Amino acid sequence: MTKVTKLFDNIWQQYIAVTPSAKNIHQLLGDGKDVVNDHVAYRTFNTGKVNLNKFSKHLEAMGYSECGQYDFVAKKLTAKHFEHQDASMPKVFVSELRVEEFSPTVQNIIHTLVDQLPENISEQPNFLYSGRPWKISFEDYQTLLAESEYAAWLAAWGYRANHFTVSINHLDNYHCITDVNNRLKQSGYVLNSNGGEIKGNNVVKLEQSSTLADKAFVEFSDKKAEIPSCFYEFAKRYPSANGELYTGFVAESADKIFESTNAVA
Ligand code: OOG
Ligand code: NI
């Protein structure tokens, strides 16, 4: 196992611990075979110790490089995606919340979280599966939730993949996203239908769908509460003009995929 393969194994174990549906769907779609993971996604704040630039450095040290850039005006997010020199490794999508665009109350809560972190947190080898590195109360979680579902999710869950992604291109028994979605619904899984179950199309070279996040218990500093955890995504890529499969993301679709961790999407 290479270092990067081992890393993704650790990230997957942490993810399925709070996303049992992903483990079951992985078996269902793979029919006993391994499933190729198209990408994982991370969320962070744009504050110095943990900003997108820190993720870039962490990923670059492992053979990744920056590819696309994306802006989400309404959600107040900036994102980039990273590809590995070995194209068989999963892509990584990282977004950061533009903290200064929120109310003083929300900014204060976020600064209180980031202030608890060591300066070099992003250099730690387990950073990408380190979980929540700060203490937060349920009350502060709810204050964040009122202004940004993203901020609340990140404050509760910290540094872990918020989803893995089944590459439909590599499945043996399914060729189109509609067949995948139908199989999932027949088995009782609920899809994110925000903006339609299928986001994108062959013209933008990427079709995506996702489950709604599972729910899991989180220990806040004042109480334990059950909140949305992580989800599973399904992606089919189409060839670009050069004949190679498109490797980027589509901002309009991503905008809806983010909402897979909303309590009601
Ligand atoms: C990332 C959402 C974007 C995609 O595939 O478009 C994304 C997130 O929910 O943090 O993963
Ligand atoms: Ni995704």
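A short reminder: the numbers here are calculations on the coordinates, not readings from a lab. Computed from a prediction, not measured in an experiment: that's the story for all the values here. FYI the Cβ positions are ideal-geometry reconstructions off the backbone, even for glycines, and counts take in every protein chain you see.
Descriptive notes on the structure:
- Screening Ile136 with (1) in a loop (DSSP other than H, G, I, E, B); (2) among the β-branched types (Val, Ile, Thr); (3) closer than 24 Å to Ile25 by Cβ gives one miss only, at (3).
- Some residue of the stretch 146-165 being in contact with a helix residue (DSSP H, G or I) (Cβ under 9 Å, 6 or more places away or on another chain) and over 30 Å from Gln107 (Cα atoms): no
- The listed residue being among the polar types (S, T, N, Q), under 25 Å from Glu147 (Cβ atoms), without any contact (Cβ under 8 Å) to a residue 24 or more places away in the chain and part of a loop (DSSP other than H, G, I, E, B), out of Gln107, Gln69, Gln116: Gln116
- Only one of the numbered conditions (1) of a type in the set (Gly, Ala, Ser); (2) over 22 Å from the mean Cα position of the chain (by Cα); (3) farther than 20 Å from Ile227 by Cβ is not met by Ser167, and that is (2).
- Residues of the stretch 143-178 satisfying the condition of being within 14 Å of ligand 1 (Cβ to nearest atom), in a loop (DSSP other than H, G, I, E, B), under 30 Å from Lys33 (Cα atoms) and not basic (Lys, Arg): Ala161, Asn162
- In the stretch 23-59, residue nearest to ligand 2 (Cβ to nearest atom) [restricted to those that are out of contact with any helix residue (DSSP H, G or I) (no Cβ under 6 Å at 6 or more places or on another chain) and among the hydroxyl-bearing types (Ser, Thr, Tyr)]: Tyr42
- Of the residues making up the stretch 216-262, those that are outside any loop (DSSP other than H, G, I, E, B), surrounded by 14 or more Cβ atoms within 10 Å (Cβ to Cβ) and not hydrophobic (A, V, I, L, M, F, W, C) are Pro228, Tyr232, Glu233, Lys236, Arg237, Ser253, Asp255, Lys256, Glu259, Ser260, Thr261.
- Pro90 meets the conditions (1) within 16 Å of ligand 1 (Cβ to nearest atom); (2) free of Cβ contacts under 8 Å to residues at least 12 places away in the same chain; (3) surrounded by 13 or more Cβ atoms within 10 Å (Cβ to Cβ) in every case but one. The failed one is (2).
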